[in-house]
Each structure stands twice: as structure tokens, then as C-alpha cells.
Amino acid sequence: MLTGNLLSKTYASGKALDNVTIKMEPGQICGLLGRNGAGKTTLFRILCGLVKPDSGSVDITSTRPKPIGGIIERPGLYPYLNAYDNIRIFAGIQGAPAYKTAIEQTLTKVGLPLDRKDPVRNFSLGMKQRLGIGIALLNNPEYLVLDEPFSGLDPIGVASLIHLIHQLAADDGISILLSSHLMGELSKCCHYLYVMDRGRMVNAGPTNQLINDNIRHYSLTGPNLVTSQALKNYDVKMGLNDARVACNAMQIPKLLQEILAEGIQITSCTPELSLEQLVKQPA
């Protein structure tokens with residue numbers, strides 16, 4: 001188990017963390033949601049041992065060679081080297097196996113091709129993120145922290161990274177903590193959510209519970225939604241092929257059944273939960 005107990009940190013610019021407590025169970029994927037400047041990166045630096053807190057403690061229970069690995073802000077890569085050589089150098093620094101088979105296993109685990117020999121400066125952002133995760137996974141850590149891993153990725157890149165995160169937790173038993181200021185990505189991959197605002201933990205709970213308790217709108221996508229009679233019973237803002245419906249988690253199953261009964265297909269149904277709504281709720 002990883003636990004941060006009542007962590008506080010103050011810089012010259014002000015208080016970055018104010019008595020923050022966070023806990024991760026084995027194999028759990030946790031999300032840390034908050035605006036830019038909420039204190040997420042400072043918390044990650046403390047958990048990884050890069051910064052000492054003014055008060056509080058970090059306790060990590062682990063039997064693996066490296067208790068925790070992570071990417072803080074962005075992957076620190078050698079842009080003029082290829083992916084293979086990047087992993088080889090970082091493996092040497094960390095005392096991890098650096099022979100050919102071990103390096104290729106790491107590349108394969110994070111979904112990178114073995115035949116790319118060009119410098120990583122040519123890689124897409126998603127591929128750089130995967131390489132950074134591969135480096136963080138050297139020496140098989142028990143815990144992995146990823147600071148804004150979805151930033152700048154297109155929808156395909158986001159979906160691919162979410163699949164990788166699920167795979168690492170399920171297959172390798174790695175507990176993963178990832179941060180974002182966007183609710184959508186975290187809601188798709190996290191068992192548990194923490195919400196930070198101005199250096200304080202203001203909300204926390206199982207992801208589904210937070211969504212169900214705080215959801216106020218759903219975005220529906222599909223053809224001919226404008227013809228739906230069921231939607232006329234709700235406050236709806238229609239788009240070309242979508243509708244934003246004011247309803248809660250208890251109402252949405254019945255509404256979807258009524259729309260499908262009208263012969264209208266729903267291609268997606270996405271809960272809209274704003275960070276502001278979660279920040280308003282007490283922890």
C-alpha cells in the first residue's frame with residue numbers, strides 16, 4: 001500500500017499542499033483531478049521522493065526492486081537516440097537488466113515497435129509517452145505515477161494509453177496514480193478519484209459513485225435525435241447529430257430505453273461532469 005499522510009509543502013509563491021492525505025491499494029488505478037496549479041505535480045514529486053514535504057509522511061509497502069516509478073510533467077528522453085538506446089541507458093542508470101531481450105520486452109510491453117531505429121524526436125507524442133512509461137517500468141515498480149499523461153493526445157492516442165494503463169494494472173499488478181484536469185479521461189480508467197483544489201483534497205470516492213452523485217447532464221450522439229419524442233420531456237440542447245440532456249444518473253437508463261424504442265440508435269452516451277461541480281462538494 002502507498003499512503004501519503006497529511007502532506008504539506010510551501011514555496012515562496014505560496015502553499016502548494018495543505019494537509020493532503022492519499023492512499024492507494026495494490027492493483028488499484030486512482031485518478032487525481034484538479035485544475036492547473038491545484039498541487040498535483042507537487043504531490044507527485046513528494047510521492048516519488050524528489051521533494052521533501054514540510055510536514056507529513058509517505059509510506060510505501062513494496063517487495064519489488066523499485067517501489068515507485070513515474071513520469072513527472074513530461075518524459076525525460078534523449079531525443080537524439082532511438083527508443084532502444086533510451087531504454088538501455090536508463091536501465092544502466094537504474095541498475096535494471098540492459099541486455100537485448102529485456103529491452104525488447106519493455107518496448108513490447110508498452111506497445112512500441114522493435115524496428116524503429118530513428119531518433120525519438122521523430123516520435124509522436126503518444127509514442128513518447130509510451131516510451132516514458134517503459135522507462136518508468138524498469139525494475140518492475142509496485143506503484144506508477146503519471147502526471148497529465150493524456151495531455152496533447154488525440155482521441156485514438158488517449159484510448160490506446162487507457163488500454164495500456166488497464167493492462168499494466170491487470171497483468172502486472174501495478175498500482176497506478178494518474179493526474180488530469182479533464183474528467184473524461186480519468187472516468188474511463190480509474191477505480192477511485194481524488195479531487196484537489198488550491199493545494200487541498202476537497203473530494204474523494206469511487207469513480208462511479210462520484211459520477212452518479214454529481215452528474216447533471218449527458219451528451220448523446222446518434223442520427224435523427226431531433227425527431228425523438230422522449231427527449232421532449234427533458235431540458236435538451238440539440239446539435240447536428242448530438243443532444244445535451246439535463247438529467248441525472250438515475251434517469252438516463254429509462255431515457256435511453258425510450259429513445260431506442262423509437263428506433264433511434266444511440267452511438268455514444270457520455271456523462272458531463274465538470275471539475276467545478278466536484279470541487280463544490282465537501283470531501
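Key figures
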read-out: Net charge of Cβ neighbours under 12 Å - reference residue 119; Lys, Arg +1; Asp, Glu -1; value: +2
read-out: Rel. contact order, % - alpha carbon contacts under 8 angstrom, at least six apart, segment 2-211; value: 31 percent
read-out: Acute angle (nearest 10 degrees) that the helix 83-94 long axis makes with the longest principal axis of the chain, alpha-carbon atoms; value: 60 degrees
read-out: Segment 12-104 - Kirkwood radius from inverse mean 1/r over Cα pairs (Å); value: 16.1 Å
read-out: Choice from 80, 11, 143 showing the highest fluctuation, given a GNM over the chain with Cα pairs closer than 10 Å; value: 11
read-out: Cross-link table 40/66; 23/52; 66/188; 40/128, entries beyond 25 Å C-alpha to C-alpha; value: 66/188
read-out: Sorted largest first, extent of segment 216-272 alpha carbons per principal axis (Å); value: 24, 21, 19
read-out: Square roots of 5 times each gyration tensor eigenvalue, C-alpha, segment 62-170, largest first, Å; value: 19, 18, 12
read-out: Convex hull per residue volume in Å³, alpha carbons only, for segment 1-44; value: 65 Å³
read-out: Net charge of Cβ neighbours under 12 Å - reference residue 73; Lys, Arg +1; Asp, Glu -1; value: +1
read-out: Cα principal axis extents for the chain, largest first, Å; value: 65, 48, 34
read-out: Helix-only CD estimate at 222 nm, as mean residue ellipticity for the chain, using -39500 (n - 2.57) per DSSP H run (n ≥ 4); value: -9500 deg cm²/dmol
read-out: Span from the segment 56-90 Cα centroid across to the segment 149-165 one, whole angstrom; value: 19 Å
read-out: Residue of 175, 187, 268 that the Gaussian network model of the chain assigns the largest fluctuation, springs spanning Cα pairs under 10 Å; value: 268
read-out: Estimated FRET transfer efficiency (residue 172, residue 251; beta-carbon r; R0 41 Å; 0.05); value: 0.55
read-out: Environment charge at residue 217 (Cβ cut-off 11 Å; Lys +1, Arg +1, Asp -1, Glu -1); value: +1
read-out: Highest-MSF residue in the chain out of 214, 122, 203 [GNM, Cα springs under 10 Å]; value: 122
read-out: Cα centroid separation, segment 105-143 to segment 199-250 (Å); value: 37 Å
read-out: Relative contact order of segment 195-283, defined on C-alpha pairs under 8 angstrom at six or more residues apart (%); value: 42 percent
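Values quoted throughout were computed directly from the atomic coordinates according to the rules given, and no laboratory measurement underlies them. Owing to the predicted nature of the structure, the values given are computational and were not obtained by experimental measurement. Virtual Cβ from ideal backbone geometry, glycine too; neighbours counted across all protein chains shown.
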